[in-house]
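Please read the structure below before turning to the comments.
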Amino acid sequence: MTIYFENNSYKYEVEAVMKLFCPLESFEFVFDGEYDDSGDSLLVSVSDKLLVSAKLGEKKQTVSAPLCPESERELTLCRMIYTVMSQLTGVSPEWGCLTGIRPVKKVNALISEGCDKDGVYERLREKYFISRRKSDLSYLTAVTQSPALQSLDPKSFSLYVAIPFCPSRCSYCSFVSHSIRSKGAKELIPQYVEMLCREIEEMGEMLRDKKTFCDTVYIGGGTPTSLSAEQIEKIMKTIEKSIDISRIREYTVEAGRADSITEDKLIAIRDNGATRISINPQTMQDGVLKAIGRQHTAAQFEECYTLARRLGFDNINTDTIAGLPTDTFEGFKDTIDRLIELDPESITVHTLTVKRSAELFKSAESFREGYLTDDSVSRMVNYAFDTLTEKGFMPYYLYRQKNTVGNLENVGYAKQGKEGLYNIFIMEEAQNILACGASGSTKLIDPETGKITRYFNYKYPYEYISRYEKMMGYKTSLEKFLADM
């Protein structure tokens with residue numbers, strides 16, 4: 001499809017809205033060139049009025065509006081694009097024309113402006129065309145996470161430690177993660193652990209005598225339990241030795257998949273300070289697990305969960321994914337019901353997102369054809385919301401991603417008092433995040449302006465190891481920021 005711009009260059013937002021309707025489409029962009037509607041096309045024009053015209057196949061829709069102030073122009077054009085594309089495709093995404101990944105930030109902003117619940121809903125509907133159901137979800141999430149945000153000390157930070165290895169690569173995965181079944185990746189692990197511990201130690205040196213303190217620790221991946229119990233213990237002992245964690249409120253380790261969890265690893269995690277773990281079945285349907293390349297069964301997940309309880313873990317999260325290949329509404333419903341019966345402290349419901357780097361995108365032609373129009377995935381996430389909230393699991397963090405089936409969302413649900421603090425703080429961009437490890441992203445918030453500065457570690461373990469000294473160049477800026485707090 002070709003997108004034509006006349007007297008404007010709102011490429012980023014226009015493309016984002018078009019991705020709501022054509023998520024797997026490649027676009028060609030033409031600026032101030034002659035408009036040709038012989039093929040699938042979109043015209044976005046600014047002159048004495050605003051005009052949007054779209055053509056798909058033999059169908060064409062055009063809408064115009066009076067010229068508005070420049071500050072309102074981009075959003076107005078996005079609303080117009082949403083209108084014509086809804087008419088052409090018959091699809092009306094429930095998130096309307098909102099393309100940002102953090103909808104709750106907009107709700108929080110409206111609440112801070114003095115809007116009550118009805119006012120928030122009205123503004124979301126008028127400005128973005130957001131449905132009542134998604135307004136319910138956003139507002140309830142904002143209310144649930146409010147105590148955590150209010151408790152946040154501006155001088156605190158959270159520490160993220162990345163373990164970019166997995167037992168095997170799932171078909172939907174696009175994360176920076178290496179299967180330890182690969183000889184090359186497996187051989188990197190010992191050196192990676194050494195370099196990671198070195199970075200944690202150097203981070204600790206920078207933090208020494210600074211007026212900041214560690215609030216939460218999150219060890220994620222990948223799958224951290226891809227490492228041995230001894231390697232996990234080494235990393236966690238390095239954190240304890242290098243960084244003052246005496247004031248932390250939460251210490252999470254993603255225990256991950258049942259095919260990598262063992263008793264000695266859970267004991268290492270427990271004995272070295274973790275207060276929260278995540279054990280992630282993704283689905284309780286064995287056929288679906290096989291279809292996505294998981295090397296374990298639902299029964300094995302339950303065994304790991306029972307083992308974690310026996311070892312004393314009293315704050316367990318379980319991850320699920322709506323829309324996995326071969327799954328059905330009935331299968332997903334069974335997954336949610338069985339997890340509720342296990343009674344974890346939190347259940348996270350992701351919606352399948354297919355990136356171009358994922359194996360699923362490359363191989364599943366029939367899956368891609370139903371990517372936008374299959375309403376069973378919407379029924380899945382709606383069932384999760386209705387059932388979990390009824391059982392006392394409230395949504396506490398929410399985010400969206402591009403290329404998500406049905407343009408839906410990812411939501412963390414938790415029992416009262418068991419909300420994942422790190423998840424709230426990073427999603428609402430409310431706290432400084434110091435990251436160690438390959439693909440780690442350090443985020444620093446200017447206390448005066450709120451501007452966020454990001455520093456990225458190299459993505460891949462081999463780069464992280466071989467170019468470590470060059471990567472650490474940004475630490476001078478980090479140390480100055482910490483000193484100025």
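Would you be able to say whether some residue in region 134-157 is closer than 30 Å to residue 192 by Cα and either in contact with a helix residue (DSSP H, G or I) (Cβ under 6 Å, 6 or more places away or on another chain) or outside any loop (DSSP other than H, G, I, E, B) (or both)? Checked region 134-157: at least one residue is closer than 30 Å to residue 192 by Cα and either in contact with a helix residue (DSSP H, G or I) (Cβ under 6 Å, 6 or more places away or on another chain) or outside any loop (DSSP other than H, G, I, E, B) (or both). Criterion applied to 45, 64, 53 was being without any contact (Cβ under 8 Å) to a residue 24 or more places away in the chain and of a type in the set (S, T, N, Q), and the one residue passing it is 64. No other residue among 335, 326 is crowded, with 23+ Cβ neighbours inside 10 Å and of a type in the set (S, T, N, Q) apart from 335.
Of everything listed in (1) more than 20 Å from residue 479 (Cβ to Cβ); (2) acidic (Asp, Glu); (3) surrounded by fewer than 21 Cβ atoms within 10 Å (Cβ to Cβ), the single unmet condition for residue 209 is (1). Checked against (1) crowded, with 17+ Cβ neighbours inside 10 Å; (2) closer than 23 Å to residue 389 by Cα; (3) among the charged types (D, E, K, R); (4) without any contact (Cβ under 8 Å) to a residue 24 or more places away in the chain, residue 94 meets all criteria but (4). Quick check: anything in region 197-213 more than 27 Å from residue 483 (Cβ to Cβ) and at pLDDT 95 or above? Scanning region 197-213, I find no residue that is more than 27 Å from residue 483 (Cβ to Cβ) and at pLDDT 95 or above, so the answer is no. The condition of being within 22 Å of residue 91 (Cβ to Cβ), under 35 Å from the mean Cα position of the chain (by Cα) and assigned by TED's automatic domain parsing to the domain that holds residue 83 does not hold for residue 9.
Comparison of 34, 94, 70 shows that the only residue that is charged (D, E, K, R) and under 30 Å from residue 398 (Cα atoms) is 94. Are any residues in region 444-468 among the charged types (D, E, K, R) and either within 15 Å of residue 220 (Cβ to Cβ) or not assigned by TED's automatic domain parsing to the domain that holds residue 188 (or both), and if so, which ones? Passing the criteria: only 459. Regarding residue 254, is this residue in contact (Cβ under 8 Å) with a residue 24 or more places away in the chain, among the acidic types (Asp, Glu) and assigned to a helix (DSSP H, G or I)? Judged against the criteria, residue 254 is not a match. Of all residues being free of Cβ contacts under 8 Å to residues at least 40 places away in the same chain and outside any helix (DSSP H, G or I) in region 97-122, which is surrounded by the fewest Cβ atoms within 10 Å (Cβ to Cβ)? Just the residue, please. The extreme case among them is 114.
Listed residues 45, 26; which is outside any loop (DSSP other than H, G, I, E, B) and out of contact with any helix residue (DSSP H, G or I) (no Cβ under 7 Å at 6 or more places or on another chain)? Show your work before the answer.
Numbers: 26 fails: outside any loop (DSSP other than H, G, I, E, B).
The conditions single out 45.
Screening residue 187 against (1) assigned to a helix (DSSP H, G or I); (2) in contact with a Gly (Cβ under 7 Å, 6 or more places away or on another chain); (3) at pLDDT below 95 leaves a single unmet condition, (2). Quick check on my filter: what residues within region 294-312 are modelled with pLDDT of 95 or more, buried (at least 21 other Cβ atoms within 10 Å of the Cβ) and either part of a loop (DSSP other than H, G, I, E, B) or hydroxyl-bearing (Ser, Thr, Tyr) (or both)? Residue satisfying the conditions is 305 alone.
Residue pairs whose Cβ atoms lie under 6 Å apart, separated by 6 or more positions or on different chains, with the first residue in region 192-206 and under 12 Å from residue 237 (Cβ atoms) and the second not in a helix (DSSP H, G or I), are 200/436.
Does residue 83 count as closer than 29 Å to residue 406 by Cβ, at pLDDT 95 or above, outside the structural domain of residue 124 (by TED's automatic domain parsing) and in a helix (DSSP H, G or I)? Yes; evaluated as a whole, the condition is true for this residue. Remark: pairs (first residue in region 374-396, under 22 Å from residue 93 (Cα atoms); second residue assigned to a loop (DSSP other than H, G, I, E, B); Cβ separation under 6 Å; 6+ apart in sequence or on different chains) = 377/323; 381/408.
Just checking, does region 240-253 include any residue being buried (at least 21 other Cβ atoms within 10 Å of the Cβ) and within 25 Å of residue 335 (Cβ to Cβ)? Scanning region 240-253 turns up at least one residue that is buried (at least 21 other Cβ atoms within 10 Å of the Cβ) and within 25 Å of residue 335 (Cβ to Cβ). In region 408-421, of all residues being of a type outside the set (A, V, I, L, M, F, W, C) and surrounded by 24 or more Cβ atoms within 10 Å (Cβ to Cβ), the one that is farthest from residue 213 (Cα to Cα) corresponds to 409.
Taking the conditions exactly as written (of a type in the set (A, V, I, L, M, F, W, C), farther than 24 Å from residue 349 by Cα and without any contact (Cβ under 8 Å) to a residue 40 or more places away in the chain), does residue 130 satisfy them or not? No; evaluated as a whole, the condition is false for this residue.
The values are calculated or read from the model by the stated rules, or taken from the named source; none is laboratory data. The structure displayed is predicted, hence computed values, not measured ones. When we count neighbours, we look across all protein chains shown, and the Cβ atoms used for this are built from the backbone with ideal geometry, even at glycine.
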